[in-house]
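Here is the structure we will look at, set down as structure tokens.
The values are calculated or read from the model by the stated rules, or taken from the named source; none is laboratory data. As the structure is a prediction and not an experimental result, all values here were calculated from the model. Cβ coordinates were reconstructed from backbone atoms using ideal geometry, including for glycine residues, and neighbour counts include every protein chain displayed. Heavy atoms of the whole protein, side chains included, go into the accessibility calculation; ligands, DNA and RNA do not. Shrake-Rupley method; radii C 1.70, N 1.55, O 1.52, S 1.80 Å.
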Amino acid sequence: MGNLGYLTKEGFRNLKVNKLMSVASVTVLFSCLMIIGIAFMILVNIEAFISGIESENVIMVYVDMDASDYEYIKLGEKLRTIDNIASVENVDKGPAYEKILSELDDGLRQYLSDLDENPLPNAYRVTVSDMAGFDNVVNEIKKLSNIQRVYENSTLARQLESVRNSVTYISAGMIGLLLIVSLFIISNTIKVTMFSRRLEISIMKSVGATNSFIRWPFMVEGIIIGIIAGLLATGAVWGIYEFALGSFTTMLSGLGGDVRVSFLDYAPYLVAAFVGIGIFTGVFGSATSIRKYLKERKFVELDD
């Protein structure tokens, strides 16, 4: 435990001694994580935009005019038992008729008010959970009795599902590609760092230091660099997101969706992911890059 504490302190000390390369490693890792974070938040907002439109794509189920109140209630209970239904909302014909009358001019309002009966049927507003099963839900609803008409827009549902899948696949591919590029860049940055310190490693080997004794301080450096870069990247993504949120929200809202995604809802996940990626890349890069300098040799020939 004493050796472990000493080696950990050496890792912190090495960061101060090699300030330039430490700053370079943090900067490269920070830049890569920031780009990944921005791409992720864009994906989250697009998903929220699509979900907002999907929530408006409801199925209206109009009840037979001759159906009794009991049959109306039983129909609602049957609708709620269908799989893939998020909610079933009663649309009573009385309030619906009053709302329509309030939007008409005085003459037409007076004419309709003189009618003895409400010409509107009772209805249910059905919201689907997964748009992929939209058609199945519609088919199940049409099998029920006491239904006058089912109004739905299956074409829009299929289009939204297609857009969602395309956005998910493209975004996942971009984030994966950025992650691979980040690992490659970070690995090369750490290799440069190790190359500049090859004499230090060689001297430690020449005085009998074991591979793990040499490797541990570099691993500690990688962990610290990963944590610092992860926290800085989270803060940067937060600032950029809040700055651009107004314009982004206005643009998507103008297309018919209401987007209000709070960064704080995803901040814990981003912090965990960024710090985890940072630690992994720092440790993995340090461990693989130092391996070639831990071979059994006493000295390193330096150029004049």
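What the table shows:
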| quantity | calculated |
| --- | --- |
| Identity of the residue in region 232-264, surrounded by fewer than 16 Cβ atoms within 10 Å (Cβ to Cβ) and among the hydroxyl-bearing types (Ser, Thr, Tyr), that ends up modelled with the highest pLDDT | Ser262 |
| Top-ranked residue in region 88-103 [being closer than 19 Å to Val138 by Cβ and surrounded by 14 or more Cβ atoms within 10 Å (Cβ to Cβ); ranked as modelled with the lowest pLDDT] | Val91 |
| Every residue from region 57-84 that is touching a helix residue (DSSP H, G or I) at 6+ places or on another chain (Cβ under 6 Å) and open to solvent by 30 Å² or more (accessible area, probe 1.4 Å) | Asn84 |
| Close pairs from region 28-57: first over 28 Å from Val192 (Cβ atoms) and at pLDDT below 80, partner open to solvent by 40 Å² or more (accessible area, probe 1.4 Å) and of a type in the set (S, T, N, Q), Cβ under 8 Å, at least 6 apart | Glu47/Thr168; Asn57/Asn153 |
| Scan of region 123-146 for residues that are modelled with pLDDT under 80 and not in a helix (DSSP H, G or I), ordered by number | Asp130 |
| Cβ pairs under 6 Å, 6+ apart, first in region 210-225 and closer than 18 Å to Ile279 by Cα, second among the charged types (D, E, K, R) and surrounded by fewer than 19 Cβ atoms within 10 Å (Cβ to Cβ) | Pro217/Glu10 |
| Residue list for region 117-148, restricted to those being of a type outside the set (Gly, Ala, Ser), open to solvent by 60 Å² or more (accessible area, probe 1.4 Å) and farther than 13 Å from Val58 by Cα | Glu117, Pro119, Asn136, Asn139, Glu140, Lys142, Lys143, Gln148 |
| Pairs, first on the phi > 0 side of the Ramachandran plot in region 145-168, second in a loop (DSSP other than H, G, I, E, B), C-beta under 8 Å, six or more apart | Asn146/Asp64; Asn146/Ala67 |
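Condition check ((1) assigned to a helix (DSSP H, G or I); (2) open to solvent by 40 Å² or more (accessible area, probe 1.4 Å)) across all residues:
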residue	(1), (2)
Val150	no, no
Val167	yes, no
Leu179	yes, yes
Gly208	no, yes
Trp216	yes, yes
Gly222	yes, no
Ile225	yes, no
